[in-house]
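Input: a single structure, listed below in structure tokens.
The values are calculated or read from the model by the stated rules, or taken from the named source; none is laboratory data. These numbers come from a predicted model, not from an experiment. Neighbour counts are summed over all protein chains in view; Cβ atoms, including those assigned to glycine, are modelled from backbone coordinates with ideal geometry.
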Amino acid sequence: MPRRLAKTKGERIMSRLLIVLTLVVSICGCSFSARSGQDNPVVRQIVERYPELNHRAYTIDIVKRVVDGDTFETKSGDKVRLIGVNTPEIGEKAERYGMEAKRFTENKLQGQTVILFQDVGPKDKYGRLLRYVFLESEPTMFNETLLTEGYANVMTVPPNVLFADKFVALERKARENRKGLWGDENAAVSASCAEPKIKGNINSRNEKIYHMPGSRYYNSTKPERLFCTEEEAQAAGFRKAAN
């Protein structure tokens, strides 16, 4: 009888241990899976402001080094490219306002904790993570801030198009207000007309093509850039669409 009682106690102990282990595995599984819920108060605040990001996977990391205005490296070793925006180049192919854009991003992100949201395509062809970026202390998307302050122009690359229309509107407003890189007369040519009509698009082969109103693909084209004149489009490195 005592032996049977001891065995029953052992079974009870094992049963309890199995329950505890199951709970631990369940909790650990959640923490390592792609997070898309609202388990973080900052994330809840972001999703309230940007409902398009609800149920989108996200990670949290620290910015270790800023490469240029739209690219940085994280403490965990990933290189991140901001979705939907393009800042002027630095280095050998340096463009005007490139260093200003880099310094702006450095001042805002260097050493900061950031929340990185994914769209449809997780990486570009260079292996960089494509993300919408938020400071842990700021619910405004940093991609959006670059456009609003005039440090970037729109660059939409499908399938990551969640905020494509919004980004175009933000760039247009920055141009009209001559913010940042649109601040001098040469850069703000587009501000000289009330509504730029020529659509500049960068295709999957990185070819810069502009579409005139009335052309075959004009209505279906989502623009990365908008221009007032063909001369302005050509000066920015775009060629006219064949059709």
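Taking the stated definitions as given, is Gly77 modelled with pLDDT of 50 or more, more than 23 Å from Arg128 (Cβ to Cβ) and small (Gly, Ala, Ser)?
Details: modelled with pLDDT of 50 or more: yes; more than 23 Å from Arg128 (Cβ to Cβ): no; small (Gly, Ala, Ser): yes.
The answer is no for Gly77.
Can you tell me which residue among Gly77, Gly69, Gly91, Gly121 is under 18 Å from Lys179 (Cα atoms), in contact with a strand residue (DSSP E or B) (Cβ under 9 Å, 6 or more places away or on another chain) and of a type in the set (Gly, Ala, Ser)? Write out each step before concluding.
Numbers: Gly77 fails: under 18 Å from Lys179 (Cα atoms); Gly91 fails: under 18 Å from Lys179 (Cα atoms); Gly121 fails: under 18 Å from Lys179 (Cα atoms).
Result: Gly69 is the single residue among Gly77, Gly69, Gly91, Gly121 that is under 18 Å from Lys179 (Cα atoms), in contact with a strand residue (DSSP E or B) (Cβ under 9 Å, 6 or more places away or on another chain) and of a type in the set (Gly, Ala, Ser).
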